[in-house]
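The next block holds one structure in the form of structure tokens; read it before the comments.
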Amino acid sequence: MNSDLEDLYQQVILDHSKRPRNFGEIPVGAVHVHGDNPSCGDEIHLHVKFAADGAVEDIKFTGQGCAISQASASLMTMKIKGKPRVEAEELAHAFQTLITTDATDSPRALGDLRLMNGVRKFPQRVKCAMLAWRAFEQALAQTPESEAEVSTEPK
């Protein structure tokens, strides 16, 4: 990453970790997934409300963790809120590819999330960035108003 891109990466991470978007709960009608990253101490409580057609009607999160995990969750909720289910699943897959492979042609659809590709240089931090996304993938497999757990570490 060149220094201008690194500066932008740091600015976006800090902004979203200090002022996370879509931070809060959806108490009724949502799937709830608790995610944790024991190696870092990150925790997320993801709340996803799906529309009748499966689209992501609303999505919020609470929790605590490092700047990367909080920023990733904030950016994720902004990107997939309101998206049809298929498109949200594609974005989740594209994000995972972005930070776990050396692919250089990340989809434009990821927008600011493309700045997170610097995380892949630090394998332990990949788990931080993926926590919210793993929780979202689990939410996709749940029935309405259910609860689940997901972890970055095998139990």
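The values are calculated or read from the model by the stated rules, or taken from the named source; none is laboratory data. Just so we're clear, the structure is a prediction, and the values are computed from it rather than from any experiment. Neighbour counts run over all protein chains shown; Cβ positions are idealised from the backbone, glycine included.
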Checklist entry - Taking the range 91-104 only, how many residues are farther than 20 Å from ASP4 by Cβ and at pLDDT below 85? => result 2
Checklist outcome for this item: Note: among VAL12, VAL56, VAL33, VAL86, just one is modelled with pLDDT of 95 or more, of a type in the set (A, V, I, L, M), under 19 Å from LEU110 (Cβ atoms) and surrounded by 15 or more Cβ atoms within 10 Å (Cβ to Cβ), namely VAL56
Item to check | Candidates LEU75, LEU46, LEU113 - the one that is at pLDDT 95 or above, surrounded by 22 or more Cβ atoms within 10 Å (Cβ to Cβ) and either of a type in the set (D, E, K, R) or out of contact with any strand residue (DSSP E or B) (no Cβ under 6 Å at 6 or more places or on another chain) (or both) | outcome: LEU75
Checklist entry - Limited to the range 61-90, what total is found for residues that are without any contact (Cβ under 8 Å) to a residue 60 or more places away in the chain and either in contact with a Leu (Cβ under 7 Å, 6 or more places away or on another chain) or of a type in the set (Lys, Arg) (or both)? => result 7
Checklist entry - Which members of the range 77-94 meet the condition of being assigned to a helix (DSSP H, G or I) and on the phi > 0 side of the Ramachandran plot? => result none
Checklist outcome for this item: Those residues of the range 1-60 that are assigned to a strand (DSSP E or B), touching a residue at least 24 places away in the same chain (Cβ under 8 Å), farther than 22 Å from GLN124 by Cβ and not hydrophobic (A, V, I, L, M, F, W, C) come to a total of 4
Checklist outcome for this item: Scanning the range 133-148 residue by residue, those in a helix (DSSP H, G or I) and touching a Gly at 6+ places or on another chain (Cβ under 7 Å) turn out to be ARG134, ALA135
